[in-house]
Amino acid sequence: MVVLSTVLIFVAYQHYTSVKDDALKQTQANLRTASKLIQAQLKNSVNIFSSLNRSSALEDSSASNLNAVDIIRNTENYNDILRYDPNTNTSVSETAIFNASMYNTEATEFDMPEASWTDVSFMDNQYQISSLYRSQNRRWVVGIREKNPAGIPQYIIEFDLMYASQAFIDLRTLNSGNVFIVDRATGKVILHPNPNRIGEMAVVYKYSMAGEISQDERAQPVSYYFSDTPSYAFNPNTALPNNQPYGSINYLFHGDAKLASYNAKNSMNWIYFSSISRSELFAHSYSMLLIGFVALSLLLFVSVFHHLNKQLQIALSDLSKATSLLEFKNQTQYLLGRFCTRRRVQLCLYNHDSHTFYTVDYHGQEQSILIDKEYALDLLTSKVKYQRSASNDPLANKIQFSAKYYRIPLHGHNGLTGVIFIESRFQTFSSLMKLLQTYIETSLSNVLFQQQISLRDATTNQDNLFTLRNKISRYKGHRDVYLLTIDVDDLKLINYQYGYTCGDQLILEMSSVITKHFPASSTLSTARTGGDEFCVLYHAVDQQHAFSLAENLREAIERHKFAFDNVNVNFTVSIGVSHLRDSVDKTLSSSLQATDRGKQNGKNLAIMSAAS
């Protein structure tokens, strides 16, 4: 019995180690995703500086201020734009200038807060980013500026860290693990899913700066859950644990033992951390208690359960590596088919904007199957259920589930993300179902988050062609859904007359007009599908209503003007409208053909597809 107990303890420890290794791999993947997200946001500022410098060169300072205020209002993660004079180290806020002009007063200059500035290598060392500081409206921000500005004053764009932190909410490891960023110069938190932590001294950084842990803290429960304490040393010359630019460390946060991966290999003087509670790692290893109980009853079954557990960890690890919805669906079906049932498994995803439940076929295409907001609200408060009949379940009826089955709702940060149906003659362990639900929810949240980053146009932040095609496929068969295609008239002539920079600004102006007439809250998709080509997927009561909306947009673009190099530039577009056909390609082709007819008939026209 002693030998058997020793073996079981060893197996449990090995299992815990396996869970920890998988969690560390996920934390490292989250660090990479966070780094790409931050770089994407900063790179988008390059075009903003170009726009600010062009408008600053205009003699009309009020137009320059209006351009800056418009940028602030239309870019959610910008707190403010400052005009900075390095000779006096003073700044004035573009927002303050605008507000003062409304009351015929003067905006007040202020001393620029103390901050260290660091060259950003991935932006060709032409831009600098500041350390953390408080803005004039008392929000935590970091600033970005040109390293060699064209003139004085120079512009500083302030990033609102409270808003930017929300992008990290879905970067989870297990249930409570999160990603946060620390300023290497000050040790303060820059970005954190909990906005109240921004600006505070990072606990993990404080411990490393202390260089040692007191005796009473060494005596935390179960010796950090099988971990050495402490596992790092501090080098004051580099401010990095273990004198390494990346790795993993253990630390305490409010008495809870934490494990974190970190990476400081960047030019912004930041340290990225992805942490997880060791108690949660321990909790996710509780399935070994089941194996231990069975092994004590019958030693013959130890090897069998150990093999099953190993396969489960492999399957969960593979699930956490999924990068697309099709790969996620296949891994989920394999996982549930292997450990829950040999019968049917069906994954249904949920779209919040349209209240639509849809499936993903074997080619990765999305197929709409049910629109039911009330059913979604019911799932939002529901738990894992074993149902003996589908008579009161509209979605189960749609996918033809009639026998006994499990219904597992999947939740993310923004609410319901999907639901899984598992046909099963008998009930299984509820703890196993809850464990699988937790892993599947976490993996789905990460896949949806990565998909959101990859499926948008970088210049306009609208959908790209791939996303549009998926949404057209999702709404195929809906007679109240229409697609319009917009093409700029004579863009080559505008580029020849004013330059390609003017053409780039024209694209942004047109994107703004489209968004104003087709807001995201009431539109299925606004997409940029080519250099000067945009598409809108929208609901309309009938064909006349669909055409009327397109004509209103065309007239608004015709009236719209924007300033470029002291010249008011206006432009027109040709628009083609089509209802949804029986295939994505036919729908896109029909709308584009209508656009081409508009160009052939004199341009600046909205044309309804002949077959509509």
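The values are calculated or read from the model by the stated rules, or taken from the named source; none is laboratory data. Predicted, not measured: the structure shown is a model, and the values here were computed from it. Here Cβ is always computed from backbone atoms with ideal geometry, including for glycine, and neighbour counts include all displayed protein chains. We work out accessible area using only protein heavy atoms, side chains counted, and drop any ligands, DNA or RNA first. Shrake-Rupley method; radii C 1.70, N 1.55, O 1.52, S 1.80 Å.
Results, tabulated for the structure shown:
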| item | result |
| --- | --- |
| Heavy atoms of His307: accessible area, 1.4 Å probe, square angstrom to 10 | 100 Å² |
| Ranked order, Met162, Met510 - accessible area, probe 1.4 Å, largest first | Met162, Met510 |
| Using θ = phi - 60° and Karplus 6.51 cos²θ - 1.76 cosθ + 1.60, couplings along region 395-401 (whole Hz; Gly, Pro as x) | 6, 4, 5, 4, 9, 6, 9 |
| Carbon + sulfur, % of accessible area of the chain - ligands and nucleic acids excluded, 1.4 Å | 51 percent |
| Area of Ser320 that stays accessible when all protein chains are in place (1.4 Å probe, Å², to 10) | 40 Å² |
| Value of relative contact order over the chain, rounded to a whole percent, pairs C-alpha under 8 Å and six or more apart | 9 percent |
| Solvent-free Debye scattering, log10 I(q)/I(0), computed from the Cα coordinates of region 300-399 at q = 0.19, 0.23 Å⁻¹ | -1.10, -1.32 |
| Student exercise, the chain dipole from Lys, Arg, Asp, Glu Cβ charges, in Debye to nearest 20 | 2520 debye |
| Within the chain, longest stretch clear of exposed GluC sites (Glu not before Pro) (DSSP loop, no more than 16 other Cβ within 10 Å) | 213-612 |
| Solvent-accessible ranking of Lys383, Lys603, Lys561, largest area first, probe 1.4 Å | Lys383, Lys561, Lys603 |
| Relative contact order [Cα under 8 Å, 6+ residues apart], region 322-454, whole percent | 26 percent |
| Difference of contour (0.36 nm per residue) and Cα-Cα distance, Tyr163 to Val384 | 76.2 nm |
| Label-point separation, Ser116 to Ser391 (7 Å along Cα→Cβ), nm | 7.1 nm |
| Contour minus Cα-Cα distance for Asp60 and His307 (0.36 nm per residue) | 81.5 nm |
| Sparsely packed chymotrypsin sites (Phe, Trp or Tyr not before Pro) within region 362-411, loop by DSSP, other Cβ within 10 Å at most 10 | Tyr362 |
| Zone of Arg597's modelled label, taken as backbone nitrogen in region 539-553 under 12 Å from a point 7 Å along Cα→Cβ | none |
| Inter-label distance, nm, simple model (7 Å from Cα along the C-beta direction), Asn464/Ile314 | 3.4 nm |
| Shape metrics for region 322-454, restricted to C-alpha atoms - Rg then Dmax, Å | 13.8, 41 |
| Residue-normalised accessible area of region 452-596, given per residue in Å² at a 1.4 Å probe | 47 Å² |
| Relative contact order for region 465-608, counting Cα pairs under 8 Å that sit 6 or more residues apart, in percent | 32 percent |
| Residue list for region 512-550, given a label point 7 angstrom along the Cα-to-Cβ vector of Lys492 and an amide N cut-off under 19 Å | 530-534 |
| Ranked order, Asp124, Asp372, Asp60 - accessible area, probe 1.4 Å, largest first | Asp124, Asp60, Asp372 |
| Cα-based shape type of region 50-203, given that a ≥ b ≥ c are square roots of the gyration tensor eigenvalues and the cut on a/c is 1.5 | prolate |
| Gyration tensor verdict on region 340-382 (Cα atoms; rounded if a/c is under 1.5, prolate if a/b is larger than b/c, oblate otherwise) | oblate |
| Residue-level accessible surface for Phe98, protein heavy atoms, 1.4 Å, Å² | 40 Å² |
| 3J(HN,Hα) from dihedral phi, region 575-583, Karplus parametrisation 6.51/-1.76/1.60, rounded to Hz, x for glycine, proline | 10, x, 10, 8, 7, 6, 8, 7, 8 |
| Set Lys20/Lys43; Lys265/Lys329; Lys329/Lys398; Lys25/Lys383; Lys404/Lys434; Lys476/Lys599 screened for pairs whose C-alpha atoms are more than 25 Å apart | Lys20/Lys43; Lys265/Lys329; Lys25/Lys383; Lys476/Lys599 |
| Rg over Rh, two decimals, the chain (C-alpha only, Kirkwood Rh) | 1.02 |
